[in-house]
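Asker: The following block contains the structure, expressed as structure tokens.
The values are calculated or read from the model by the stated rules, or taken from the named source; none is laboratory data. This structure is a prediction, so every number in the text was calculated from the model and none was measured. Every residue, glycine among them, receives a Cβ derived from its backbone with ideal geometry; neighbour counts consider all protein chains shown.
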């Protein structure tokens with residue numbers, strides 16, 4: 001298509017239609033929706049008013065669907081269930097070919113809601129698609145692991161599991177999530193929660209460990225390197241980088257994943273206007289490595305930074321001295337926060353989270369809609385669920401990487417310095433055990449993301465040698 005420079009007499013309407021047609025060309029074959037790249041024959045020069053494009057014509061030659069042990073040719077792309085594109089070498093695998101009949105390597109193909117998405121950039125491309133029924137990742141996990149219910153001790157007001165470390169593969173447990181629905185979490189030296197998902201800016205595969213299936217069915221995962229690592233393995237590859245949680249810690253607000261520009265009141269100090277240093281570093285890593293994978297990620301899954309202060313929990317208040325009982329959380333007023341208070345008092349884990357502390361990105365429909373991207377850190381509660389114990393070390397569960405790692409859970413502001421909760425490791429000023437420390441100290445950052453509930457996997461069983469592969 002060629003768009004000539006319009007004279008005044010041609011009118012703005014034609015120019016707009018021409019520009020839209022010239023720039024936004026979409027090839028649709030039946031219900032095939034193809035993400036196509038267009039080759040520009042000449043330099044695009046809007047000042048001169050001409051744009052030339054060649055449209056790559058794409059032909060869907062056939063669609064085969066596996067029924068039993070055979071693939072059956074279909075007239076349309078089915079939408080009655082969830083399918084995945086069969087890839088690989090040999091017979092009954094999907095492929096595209098150019099005009100010469102030669103196969104094209106590394107063509108992006110994906111089944112999504114009754115459509116087949118194909119990325120092509122050559123004229124005359126022809127594609128043959130083979131589909132098979134797909135298994136949802138969350139369904140496969142629960143089918144292979146019968147969840148055990150977390151045991152609540154009415155006398156001590158805590159869960160029995162969280163009064164000790166977990167150093168063997170204890171499987172999957174269930175407990176109540178922040179919204180009152182069930183969540184399912186892996187605990188101990190887990191052997192079947194490995195996932196291979198996405199490639200970094202260097203083209204390396206990224207590996208993750210599943211923390212839990214959230215109450216909405218989305219899958220929460222924590223970064224674990226560019227290769228699959230054994231439980232308890234000490235490796236710098238297993239975390240994104242080393243950083244302070246925040247570069248300043250002389251006010252209570254700095255315990256937050258985000259915080260306010262001013263500090264005159266609790267509301268002002270906790271407004272979620274400024275990113276913590278940890279969050280800003282995670283955002284940069286996301287932009288460099290995960291930006292092209294946003295369609296896989298659940299934006300409404302929350303990241304909880306529980307800033308409820310200790311004094312708001314009357315049932316735990318009897319362990320505090322009178323002068324510590326407060327609900328301040330702003331300025332230089334001493335504040336004890338819920339995550340530390342619950343663990344220090346009776347190893348109690350609570351996934352509830354107040355509205356302003358439910359972090360989600362700005363384009364989410366739930367949560368506080370304050371973050372730039374759907375990426376965060378693990379909480380201290382999730383760290384305990386995984387097998388750590390407050391005040392203790394554990395070098396044989398799936399989160400141990402050899403270095404203390406930050407969580408996004410506040411601990412305390414003493415009136416002088418702010419401190420946050422961290423997971424167990426080594427080489428830390430105060431203690432290598434799961435606990436809390438000054439948030440200006442450097443610890444590992446391990447990114448956490450959430451895959452959508454409808455995520456399927458192409459192969460694998462979650463083991464270290466055969467991780468779930470998400471394509």
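Asker: Go through (1) part of a loop (DSSP other than H, G, I, E, B); (2) modelled with pLDDT under 95 one by one and return the number of the condition residue 342 breaks.
Answerer: (1)
Asker: Oh, and also: Run down 459, 430 and say which single residue is free of Cβ contacts under 8 Å to residues at least 12 places away in the same chain and within 29 Å of residue 328 (Cα to Cα).
Answerer: 430
Asker: Can you pull out every residue in the stretch 193-217 that is part of a loop (DSSP other than H, G, I, E, B), surrounded by fewer than 23 Cβ atoms within 10 Å (Cβ to Cβ) and touching a strand residue (DSSP E or B) at 6+ places or on another chain (Cβ under 8 Å)?
Answerer: 200, 215
Asker: OK, next. Within the stretch 151-186, how many residues turn out to be surrounded by 16 or more Cβ atoms within 10 Å (Cβ to Cβ), touching a helix residue (DSSP H, G or I) at 6+ places or on another chain (Cβ under 6 Å) and either over 14 Å from residue 214 (Cα atoms) or not assigned by TED's automatic domain parsing to the domain that holds residue 382 (or both)?
Answerer: So the count comes out to 2.
Asker: Which of the residues spanning the stretch 370-389 are farther than 21 Å from residue 149 by Cα and not in a loop (DSSP other than H, G, I, E, B)?
Answerer: Hits for the stretch 370-389 are 371, 376.
Asker: Taking residue 118, is it within 28 Å of the chain's Cα centre (by Cα) and over 30 Å from residue 104 (Cα atoms)?
Answerer: It is false that residue 118 is within 28 Å of the chain's Cα centre (by Cα) and over 30 Å from residue 104 (Cα atoms).
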